[in-house]
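Everything on this sheet refers to the single structure shown next.
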Amino acid sequence: MNASGRKDMKSVKVSEEINMTKLKYQRETETLLGRLHLQDKLQRKLSPADFLKVGPPVKQDNEVSEKDVAYTFLQRLMMLDYRARYIPVRQDSPEVSNSTLVREVFTEGTDDDDFDAFCSTNSVFDQSNLRTHVHPMDVQMAVFHCSDSFFKQNMITKLSQCQYALPLLVPDPVTMDIECPLWTFRQIRKTWKMSEMKDDSNVVTMKSMSICKAETPMVSFLRLGSPSLSKSQLMNTLINDRHNTFFHRNCPGSTKSRHLMDGVAEIAWYCPAGKPNDAFTDCIAFCNLHGDALSFEKQREILTDKSSVNVVLVPTLEKNDKSSAVISALYKCEKPLICLFADSDGGAVEMRKGKYKMGLNNRSQSEVSEELRETIGKILSVSHSFFQLESMNKVCGIKVDEEDTVCQKGKSAAMKIVGLLQGIEVSKIKDTYLPCQGQLWKEWSKIHKELYRLKGNIEDDKVQKEQKLMEKRQEQVNVSCSEPMKMFIESLSTLSGKEKDYFLKWTQILIDALSTDDLSSILQTYDTKWAEVLALKKRHDKTELLKTKQTELNKISIKLQSATFGLEHIFREMGQIYEAHESLQKPTKSGPTDWSKYPELAAELMISGHPMELMDGDAGHVPLTWISGLLEEVIKKLGDKRVFVLSVLGIQSSGKSTMLNAMFGLQFAVSAGRCTKGAFMQLVEVSKEMKKDFKFDYVLVVDTEGLRALELEGNATLHHDNELATFVVGLGNMTLINIFGENPAEMQDVLQIVVQAFMRMKKIKLSPSCVFVHQNVTDIGAAEKNMDGKRRLQEKLDDMAKLAAKEEGCDAEFFSDVIAFDVQKDVKYFAQLWEGSPPMAPPNPGYSESVQELKTIILSKAEDCAGITLSQFRSKIQDLWKALMNEQFVFSFKNTLEIAVYRKLEVEYGNWTWKLRSNMLDIENELHTEIQNRKRETVELTYLQQKVNTTYEEIKKEITKYFDDDRDKDMLVQWRGRFEDKIKEFRDELVKGVKRKLDEVIQQKKACKKLDNKKTEFENNLLQKSKELAHKLKDKAKNEQELEKQFNSVWSDLVTQLTADTKPIEDINYDEDQSTVLQNLGFEWSLVNECKMSGKYKTMSHAGDLGHYVSLTTKIKNFFMGPFQDEEQPLIKTLIDDVEKQTINKMKQRPVASTGYSLTYLQEAANTVKQKVTEFESKKKYALKKEFTVDLSLYIFHRAWTWLSKYHKEFKVNNDAHSYVDSKKMQYYRVFLNFCKGSSSAVVLGELICDKLKSAVLEAVSNKVAKDLTDTMKSSYPAFNGNRLNLEKHVLKSLAEKEDFNGFITYKQHPRWHVEHFIREEVQKYIFTDNKGKALNILKKNVGDIKNLVSQALNDATEKVKIHKGHPDMWMERFSSLLEDKFTFDKICCQNFRDLNSFDFLKEEIEKGLESIVKELRSLSLDEMDKSRKTPDQILIDQLCNCCWVKCPFCAAVCTNTLKDHSPDKHKVTFHRPSGITGFHCKGTKNLVINFCTTSVASDNSFIPSHSGVSIPYKEYHKGGEKYSSWEITPDESKLAYWKWFVCKFQKELEAHYNMKFQGRGEIPSAWKNHTEQEAVDSLDKL
């Protein structure tokens, strides 16, 4: 075989060996991943989403199963626990023992044999433990290989924070290719202080930058062969001798069976602190190649090429071995070299320039490290090369992760944007390319806040400010969508999921690079100045010097703010572009300028775990429209999920963000260079295994920029802090209060702010829980000290509670009076974050333990909380922020969510009460029929309660179900007891009311008993006489005149006999009675007559001007310099209303229906009028003319007439014998004629029965139709099927459609009358116009039902008589008994019909008559169905008007609470009105007030209550007395177009009505005149 063939064979053999090695390596890798349960993750990589979840507590000290090691490592690493590498493992595999028991090996033989075996190195050792553990670094690298690029980045960032070395060159476990994971370093920033000598003094310079950009020397460590000394351990002594930056063979858990680390090059940086004891004066990178460098040629070449100094560790050196060749090459190149000989003695020797050798044998590690440190320092003190991570991109033969196509696509898109920004000063970038969020947004925010501080002509001022807001929005629109923003939106819209993630990361990275230099120098100045301020504060120095230094600090802060530029500013710009376009309702365009898509883009990012800005810290404002749109999109994508809102408060730079990131794996910014500005929110999903324990799906974390933030442009005032604290405390289901250090002054400031915020929450009925976190406590282990600390904290909180109570005007002795708080459970002490001094100190392991314990506390409290839905969270943001705009937060807060829930409850309450009322109407009808048919003489309360009990119990079940199962049950619970009581009260009132009515019916029946008995006797006599007379006059049957004459003669005799001892009941002579009563009171007849004739008394309650009723003496005229009516007129109107209410109510309690009308009723009313007028005059400096008392009395009489006449008429019908006999004459004349004509008894009796049936059926049908129509309208008619507010809206719509000014005035002055009138009108419209067909169908159905009932009774009675061969009385008894339950039917005495022998014929006669009755009833119009005891309109009035009718003291808007007595809730109305509508005017002028109450209470204006002359600011209106304090008037933007349209439409009528003008400060804003009637009506639907 020739040389070429041998060479080929050798090459094949080498290739096979390589392949075999690869296969073996791959099998070992698969085995390792299988043991760690990661076998499927090489393909389906771990991602950040897998760990951005609320999971179960992380195991801390217990041993974990091998399959759980990888996940436990990651969880603990994410919590910054550097002990994540040292997790004790419990072996589950039976073939691999981890027993610590010593294996017993006994040998047979002598003692000498035993001793020889004992000493022999060939004897059996227990090998099991040497191959059991998975090497800790294999766990780390296995997880690294099984993660996607983003999770790798997170992982490497956390390893860096734990001060661990990071993989720089990594062999791929499958292909064996070398990869540089450059992407994973992109989030790491390092800060250090470089020391250098200048002019004989040591100058310290701070540097802070991305580690990828840092140019530092690099020292590479390699080992050749297998020396006994640990290279990694030696490197640790150089960098940080207290921490194992590089894992080495002596670390806990280390084994020889390392698999994935060989060939891995790790890098770590030493960062000096600018102190004399620094190991090195500048930042240095240390690189460590694991394994024998002889086996990893590629890695060795890269490191030796890139390093500034090469350090090689060899056991010994022989000339011809492989090590010698490597060292020779290094010795010959220019790079400095330090060669460490493990087996040689002696210190460092420089063999030639830059080439050192050093022996390690018989030397202590500290001695070696010190000498090595000096040598490296000496080499680096002269000119040397620098290493930059980004240069790894240019290295040949390795794969850099950033070269991935997806990453490059994201980077390319980001670079295009940042390319436009380069070359521009950072502070100008935002002004140039993000103009919407700068000055324009700040000016908009300032003007918007001024809307809540209005002055002067406040409605006009408000209109002007609203116009300015629109102008600012227009300016924003004009400058929106700069080129970078267009490109950013386009990339967000078009890139795929991973591409988008890379794009966002790259954008942030590249933006950070723009501002790094500016920020570093500003931060250095900031640090120096802050240190000076703190030093002065510690000395309690309050001189001008401190003020000067603080002013300088604020200036630096402004500079820092303008130099800060990040991704959050781009999102803020998106928000402002959206808000500007949305507020102007600009049309959308496709492409990057389609602003309507912005919320959707942001929502996708928020769902993926990206923090979103909630409150702009620069403008100090919440962009409500943007946040609302964003959350709306989140709801669309996720559903309206329940979230547990965790708010976090604390002093700036107190470690809040670090703590949250460690606890939940969040991504809040944490560097001191960019303290979190404003408030940010982030969604964290609850993991599947945890969801079963919680009632919510996500935790929503709200992190703030911190209290007392010195960066806030001088806004770091107590007011701002209170605003921020109140906002986030109000949003949270729980608030974490983060206290840093043990400075009592700082702690007191925070506690005062927080306690006041909790006090406010209590007053507005929000009840979050709280946990105090005390960070950076020096000795958290000392239990006694902790107890003392808790005691002091409790004392401080109690003191603060007293102060806050005084500030907020309420009572609280202890903090626990404000919020549920247990100092033993709700305070958590945290260890210091760093274990040593930064920048090289790792995190304190106790810190991660504290994080874990705190997480457990939070979750245990969260278990009992249902959280809130995302839509509720959105509403809460709006409510809290709008209230915070006002100075009076507590009085300004309007919980729209709670209002919506309460309104829904009101509708349900209306349905429940209607079911009860409907059932009670049926019971009343049934019992009324029994009483009329003399089947019942008493009705007991208990009996009525039993009758209604079935329905009541059903309703109670419905109430229980509603309060237990409704999605808002946590909010509903506050009203549960009250509404359960109200339903019981309603049932009791209903039962008492029905009993009262039925008792009256029983009394009437008893009073009529004498007449009823006479009626029976009269009818029998009349029948007998008619029969006898007819028999006599048989022959004259054709002479009707003669018959009528004879009948009249008999009739007169009978009437005289029947009414001999009864006096006729007179009709009311109302006109004469009124005059009599008033003359008896001392008023002249002429005055009374004049008042009657003028008729103006009829409208006196609606009159705008009542001044003509006032009698002013000359003296009094001088006292009232201005027009009298301006000041006192409202009080006279109130007098009229009060007197009317009192007298009419008293009159309605009189038993007119059972005893009739009496003159004394008018006398009582007139006496009350005179008494009340006299009382009124006694308190005034003027008198009212006699004409006033007469007119008011006549007005009361006029109002009472309808009611009095109706019930007197009813009394007369039931009790007057004369009226009764007159009504029966024609009926009995027909009977007489029938007898005369020879008709049979069956015909006559049939006609008599049909006469009685006709009135009975008409009444029964009327009652049933009225009830059924009411049921239908209540359930389906829009005006009647909601709550009180719904009814109000329909009343206002009706008024607008009619454009009837007088109707408006009636509605304003007598809202209940007007609403009752509206209900009557709507019922009429429903029955006779809109739904006439439906109403007639109801009528026909009920007529049919009654007909069937009567037919059935006829059949049954006839059949029974025929079977039993009975007589007419038996038939009548049976027939009437079958009808008595359904309607009133008086039995006819059959003694005059004994000769009746054909009951079938009787039945036929009645059936004929019944057909006639039914036909007549069906042809009746519905307005003729007036026999029902209660009409549909009256039933609806009883149901819908039994609510609150209290009027607003300013604008007379009526409280819209459905409950009549809704204490302790205050009166409130959804829409107030301009106060001038009620005649409200400026004191001493004739200028009507144009302001809405809701605008006034947000202004600096004042008012004078009618009962006092003291001026009260509108903002403190509740101090005006009970009339005012019983109302809750919350400031709002009063955008309701309805009342603006009304004032403009009826301006002249209003001015004439009140004899005043809308002028001066009451001038109507011109913008109001643009509203149309349709806009006005439509605006009501938005309520």
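The values are calculated or read from the model by the stated rules, or taken from the named source; none is laboratory data. The structure displayed is predicted, hence computed values, not measured ones. As a convention, Cβ positions derive from the backbone with ideal geometry for all residues, glycine included, and neighbour counts pool all protein chains shown. Just so you know, the surface numbers come from the protein's heavy atoms only, side chains and all, with ligands and any DNA or RNA stripped out. Shrake-Rupley method; radii C 1.70, N 1.55, O 1.52, S 1.80 Å.
Taking the square roots of 5 times each eigenvalue of the Cα gyration tensor of the stretch 915-977, largest first, gives ellipsoid semi-axes of 35, 10, 8 Å. In the distance distribution for the chain, Cα-Cα pairs more than 44 Å apart total 63 percent.
Averaging 1/r over each pair of different alpha-carbon atoms in the stretch 174-280 and inverting the result gives 16.8 Å, the Kirkwood hydrodynamic radius.
List the relative contact order of the stretch 1497-1564 as a percent without decimals, with contacts defined as Cα pairs under 8 Å and 6+ residues apart. About 19 percent, as a whole number. Measuring nothing but alpha carbons in the stretch 1188-1255 and taking Rh as the Kirkwood radius, the Rg to Rh ratio lands at 1.36.
Helix 1284-1298 and the long axis of the chain differ in direction by around 70°, with both axes built from C-alpha atoms. Counting only Cα atoms, the size of the stretch 143-237 along its three principal axes is 57, 38, 22 Å, in decreasing order.
Rolling a 1.4 Å probe across the protein heavy atoms gives the chain an accessible surface of 45 Å² per residue. All Cα-Cα distances of the stretch 1443-1516, cut into 5 Å bins from zero to the largest, leave 4, 15, 22, 25, 17, 11, 5, 1 percent in each bin in turn. Put a plus charge on the Cβ of each Lys and Arg, a minus charge on the Cβ of each Asp and Glu, and nothing anywhere else: the dipole of the stretch 392-513 about its Cα centre is then about 160 debye. What the Kirkwood sum gives for the stretch 1457-1583 is a hydrodynamic radius of 15.8 Å, with every pair of different alpha carbons counted. Treating each Cα of the stretch 1493-1548 as one equal point scatterer and applying the Debye formula with no solvent, the log10 of I(q)/I(0) at q = 0.20, 0.29 Å⁻¹ comes out as -0.80, -1.06.
Placing +1 on the Cβ of every Lys and Arg and -1 on the Cβ of every Asp and Glu, with nothing else charged, gives the chain a dipole about its Cα centre of roughly 3780 debye. Summarising the strand pairing of the chain, around 45 percent of its internal DSSP beta bridges are antiparallel. With R₀ fixed at 56 Å, the C-beta to C-beta distance from Lys378 to Thr548 puts the FRET efficiency at about 0.75. The Rg/Rh ratio of the stretch 414-481, with both radii computed over alpha carbons and Rh defined as the Kirkwood radius, is 1.18. Here the relative contact order of the chain, from alpha carbon pairs under 8 Å that lie six or more residues apart, stands at 7 percent.
The length gained by stretching the chain between Phe386 and Glu1042 to full extension, at 0.36 nm per residue less their Cα-Cα distance, is 221.8 nm.
For the stretch 131-187, pairs of C-alpha atoms spaced more than 17 angstrom apart make up 37 percent of the total.
Taking all protein chains together and rolling a 1.4 Å probe, Asp321 ends up with roughly 50 Å² accessible.
The residue list Gln474, Leu519, Val134 was ranked by how far each Cα lies along the charge dipole of the chain toward its positive end, using unit charges on Cβ atoms, and Gln474 comes out on top. Taking the longest Cα principal axis of the chain as reference, the axis of helix 1009-1032 is set at about 50 degrees. Placing unit charges on the Cβ atoms of the charged side chains and taking the dipole of the chain about its Cα centre, the candidate lying farthest along the positive direction among Ile1136, Leu1269, Ala805 is Ile1136.
Working note: Cα atoms of the stretch 251-355, range along each principal axis, descending, whole Å: 46, 40, 29.
Since only Thr869, Ser848, Gly836 are under comparison, the one whose Cα sits farthest along the positive direction of the charge dipole of the stretch 828-874, derived from C-beta charges on Lys, Arg, Asp and Glu, is Thr869.
With all pairs of different C-alpha atoms in the average, the Kirkwood value for the hydrodynamic radius of the stretch 23-73 is 12.6 Å.
The slack in the chain from Glu813 to Asp1067, taken as 0.36 nm per residue of separation less the alpha-carbon distance, amounts to 84.4 nm.
Within the assembled protein chains, the solvent-accessible surface assigned to Cys396 is about 100 Å², based on a 1.4 Å probe.
Of the cross-linked pairs Lys1180/Lys1466; Lys915/Lys1523; Lys1133/Lys1557; Lys190/Lys306, those separated by over 28 Å at the C-alpha level are Lys1180/Lys1466; Lys915/Lys1523. The Cα-based radius of gyration and maximum Cα-Cα distance (Dmax) for the stretch 1311-1462 are 23.7, 80 Å.
Overall, the ratio between the Cα radius of gyration of the stretch 611-663 and 2.2 N^0.38 Å, rounded to two decimals, is 1.40. Label positions at Asn1302 and Ser364, each projected 7 Å from the Cα along the C-beta direction, are separated by 11.3 nm. In the stretch 340-422, the alpha-carbon atoms span a convex hull of 193 Å³ per residue. Carbon-plus-sulfur accessible fraction, the chain (probe radius 1.4 Å, protein heavy atoms only): 50%. Per residue, the average separation of C-alpha pairs within less than 8 Å and at least 6 apart gives the stretch 419-510 a relative contact order of 32 percent. Computed over the alpha-carbon atoms, the stretch 1313-1390 gives an Rg to Rh ratio of 1.28, Rh here being the Kirkwood radius from the mean inverse distance. The Gln439 and Leu624 beta-carbon pair, evaluated with R₀ = 22 Å, returns a calculated FRET efficiency of approximately 0.65.
For Leu77, the shell of other residues with beta-carbons less than 13 Å away shows a net charge of +4, using +1 for Lys and Arg and -1 for Asp and Glu. For the stretch 445-506, the Cβ-based charge dipole about the Cα centre amounts to some 260 debye (Lys, Arg positive; Asp, Glu negative; other atoms uncharged). Calculated [222 nm] ellipticity per residue, helices only, for the chain: -18000 deg cm²/dmol; basis is -39500 (n - 2.57) per DSSP H run with n ≥ 4, divided by all residues, nearest 500.
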